[in-house]
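Nothing in this text is a laboratory measurement; each read-out follows from the coordinates by a stated rule. As the structure is a prediction and not an experimental result, all values here were calculated from the model. Every residue, glycine among them, receives a Cβ derived from its backbone with ideal geometry; neighbour counts consider all protein chains shown.
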Amino acid sequence: MTLGIDPGTAVTGYGVVTHSDGGLLTLRECGVIRTSSGEALANRIREIYDSIAVLIGRHQPTTVSVEEVFQGKNAKSALKLGHARGAILLAAAHNNIDIAEYAPRQIKKAVVGNGNASKDQVAFMVQQQLRLKEPPTPSDAADGVAAALCHCLLGSLPK
C-alpha cells in the first residue's frame, strides 16, 4: 500500500492506493489536509505532521511517495514547501516507512504519459487508471493520488 502526497503548507493532497499481486490498483482514500492560514508556519507544519501521522496509523502504508519541490521562480514558496515536505518525511521516518520521492514531471509522465500534463489531464488519468466514477477533487487530492500511482507504476522498476 502506498500513501501518495502532494505537499503544500496551505493544502496538502493525499491518496492511498493498494497494488494487488494481479496488478490491480485500488484507491482506498484520498483528500486534502488544509491548514489554517492565520496560524504561524510552525503550527501549520505541526498540523501537517499530525495529519500524516494519523493517515499512516489508519492505513499502515509500506511506502510514502512524495512529490519533490518544484524549482519555480518564487524562492519563498519553495522554502515553505520544503517545510511541509520535512514534516511529511519526518512522519514517515518516525514510522519506519520507506520514502520514495518523484519530480512533478516524473509523476505526470508515469500517470499521463506526458511530463507537461495539465492538472485536469492528471485528474482524468487518475480516474481512468483507478476506474473511478469521477476524478478525485480537489486537484490537490488528485495530485496526491497521482504520486501514489507513480510509485505503484515505477517503484518496482530498477533505478
Hey, what angle do you get for helix 119-129 against the long axis of the chain, alpha-carbon based, 0 to 90 degrees rounded to 10?
40 degrees
How far is helix 41-59 tilted off the main Cα axis of the chain, in degrees rounded to 10, range 0 to 90?
30 degrees
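For the chain, what is the mean residue ellipticity at 222 nm derived from helices alone (per DSSP H run of n ≥ 4: -39500 (n - 2.57); sum divided by total residues; nearest 500 deg cm²/dmol)?
Details: 5 runs with 75 residues, N = 159.
-15500 deg cm²/dmol, from helical runs alone.
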Before anything else, pin down the relative contact order of the stretch 2-154: Cα pairs under 8 Å, at least 6 apart, normalised by residue count, whole percent.
34 percent
Span from the the stretch 20-43 Cα centroid across to the the stretch 68-142 one, whole angstrom
10 Å
Out of residues 5 or more away from SER65 or on other chains, whose amide H comes under 5 Å of its own, with H placed 1.01 Å from N in the peptide plane?
LEU3, GLY4, ILE5, ALA100
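How large is the dipole of the stretch 2-154 about the Cα centre if only Lys and Arg carry +1 and Asp and Glu carry -1, each at its Cβ, rounded to the nearest 20 debye?
On the way: 15 positive and 14 negative charges, 62 e Å.
About 300 debye.
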Residue (of VAL16, GLN127, HIS59) at the positive-pole extreme of the chain, dipole from beta-carbon charges
GLN127
Most mobile of PRO138, PRO104, PRO61 in a GNM of the chain (Cα contacts under 10 Å)
PRO138
Fluctuation leader among GLY15, GLY113, GLY82 - the chain, Gaussian network, Cα springs under 10 angstrom
GLY113
Which one of ILE99, SER118, ILE45 is farthest out on the positive end of the charge dipole of the stretch 2-154, using unit charges on Cβ (Lys, Arg +1; Asp, Glu -1) and the Cα centre as origin?
SER118
Using only Cα atoms, find the angle between the long axis of helix 139-154 and the longest principal axis of the chain, and express it within 0 to 90 degrees, rounded to the nearest 10.
50 degrees
Taking the chain as a Gaussian network, where each spring joins two C-alpha atoms under 10 Å apart, which residue of ALA100, ALA78, ALA123 fluctuates the most?
ALA78
